[in-house]
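Notes for the one structure printed next.
The values are calculated or read from the model by the stated rules, or taken from the named source; none is laboratory data. Fair warning: this is a prediction, and the values are worked out from it, not measured in the lab. Note that we place each Cβ from the backbone using ideal geometry, even for glycine, and neighbour counts take in every protein chain shown. Surface areas here come from the heavy atoms of the whole protein model, side chains and all, with no ligands, DNA or RNA. Shrake-Rupley method; radii C 1.70, N 1.55, O 1.52, S 1.80 Å.
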Amino acid sequence: GIKKPFTEVIKANIGDAHAMGQRPITFLRQVVALCTYPNLLDSPSFPEDAKNRARRILQGCGGNSLGSYSASQGINCIREDVASYIERRDGGVPADPDNIYLTTGASDGIATILKILVSGGGKSRTGVMIPIPQYPLYSAAISELDAIQVNYYLDEENCWALDVNELRRSLNEAKAYCNPKVLCIINPGNPTGQVQNRKCIEEVIHFAWEEKLFLLADEVYQDNVYSEGCQFHSFKKILYEMGPEYYNNVELASFHSTSKGYMGECGYRGGYMEVINLHPEIKGQLVKLLSVRLCPPVSGQAAMDIVVNPPVPGEESYSQFIKEKESVLTNLAKKAKLTEDMFNKVPGIHCNPLQGAMYAFPRIFIPSKAIEEAKAHKMAPDMFYCMKLLEETGICVVPGSGFGQREGSYHFRMTILPPVEKLKILLEKVKDFHIKFLEKYA
């Protein structure tokens, strides 16, 4: 009941596009609606290309119903569509539906793969290399499995680039206390928003091949690339182009999701992983492990199908679909630039270019007086800052300490998802707050 100095809380803390007002992609919702309520297949309100896709998905379901369990790996025809999508995306690099596993969002796939890779005890316990800053799913899954978290730092001074020398340092130090077996890459980056170039990916693959590491490529933001001169390259494609010595030997799991991109369909929990070069016996164990959870949500599988099998030129829904897709991505690109520019005008805030994904991870200067006060409250300094920001402006962001950061540096992560007008207000409020914060604690 206490009067606050703001009228609403702006939740810029989580990448939930629809919660921030993004409209669903019409075609995706039409197909899922038709699958959910097949009586609509007789309705003239739905386009024929949406009906064709719904019929195909329903034929793949037991009893032609979305309400039946699917195979543990997911509905066959959807896995075929995923394989075709990967081949198109990667310029003809072959993809086998048998290596595709539909998942409950990408998170479920990542946790499952980690589960089969973790073993040993003491110094032979599996070490999992993760980028710092990282998406906290990784640290949480590693902790849950009692595996060993091995940090490698992204280079903030160099637009959060990944440096192989840093990977080598991290790996060599970790060998003293664990058995590093897994290397996780997030590209485009979360929370850091960088897009890795081709040369960097080649170096990472060579490093994984040399050290016999299992590669985990989290590529859920593959549609979200905004900066001039930046392009998404999949690890699978580069691995293939590096030749058979690499392509036949490096174990790779790559992940995608319905939750990000231009779709933003977080609630459907749709995703897939492609796993290559897995030993046949291990593959058997993976399928067994997946069968414990029966199957991923079938409506989420249907949503994933539309992401990988959208309308094509010549189909009646194509022009509307492209218009909606491009509108979302153009808008995000505009908001990425706006956020970067606004932050860099504020004294004591520095923000790297937002090349991709949907977050800003600006570095903030926190005066020593504020650090002392945070300690007195038993809080991390950036948590103290974010709580003050929330209480004084109603803006909710996440402290950088939740993602990991270099000792003595402070950040927060903020999504760029709010509508442009609301985002401008948000950025102005952060600017005013930061200047007052510096004045108060200087």
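General remarks:
- Out of LYS260, LYS345, one residue alone is in contact (Cβ under 8 Å) with a residue 60 or more places away in the chain, outside any helix (DSSP H, G or I), under 19 Å from ALA111 (Cβ atoms) and among the basic types (Lys, Arg). It is LYS260.
- Filtering region 66-98 to residues that are among the small types (Gly, Ala, Ser), over 14 Å from ASN309 (Cα atoms) and open to solvent by less than 50 Å² (accessible area, probe 1.4 Å) leaves SER68, SER70, SER72, GLY74, ALA95.
- Only one of the listed residues (TYR246, TYR272) is assigned to a helix (DSSP H, G or I), assigned by the TED database to the domain that holds LEU216 and aromatic (Phe, Trp, Tyr). That residue is TYR246.
- Region 207-235: number of residues that are more than 17 Å from the chain's Cα centre (by Cα) and either closer than 23 Å to TYR138 by Cα or charged (D, E, K, R) (or both): 9
Yes/no matrix, rows are residues, columns are (1) hydroxyl-bearing (Ser, Thr, Tyr); (2) assigned by the TED database to the domain that holds ILE78; (3) open to solvent by less than 40 Å² (accessible area, probe 1.4 Å); (4) closer than 22 Å to CYS266 by Cβ:
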| site | (1), (2), (3), (4) |
| --- | --- |
| LEU286 | no, yes, yes, no |
| GLY300 | no, yes, yes, yes |
| VAL328 | no, no, yes, yes |
| GLU340 | no, no, yes, no |
| LYS345 | no, no, no, no |
| PRO353 | no, no, no, no |
| ALA357 | no, no, yes, yes |
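- The set of residues in region 368-396 that are in contact (Cβ under 8 Å) with a residue 24 or more places away in the chain and open to solvent by less than 10 Å² (accessible area, probe 1.4 Å) comprises ALA370, ASP382, TYR385, CYS386, LEU389, GLY394, ILE395.
- Of all the listed residues (ASN165, ASN151), the sole one being over 25 Å from ASN277 (Cα atoms), surrounded by fewer than 19 Cβ atoms within 10 Å (Cβ to Cβ) and more than 21 Å from the chain's Cα centre (by Cα) is ASN165.
- Check on LYS323, touching a helix residue (DSSP H, G or I) at 6+ places or on another chain (Cβ under 7 Å), charged (D, E, K, R) and surrounded by fewer than 20 Cβ atoms within 10 Å (Cβ to Cβ): no
- Region 123-138, subset open to solvent by 30 Å² or more (accessible area, probe 1.4 Å) and out of contact with any Phe, Trp or Tyr (no Cβ under 9 Å at 6 or more places or on another chain), residue farthest from ARG406 (Cα to Cα): SER124
- Residue that is over 15 Å from MET304 (Cβ atoms) and not assigned by the TED database to the domain that holds LYS283, where the choices are PHE27, PHE46: PHE46
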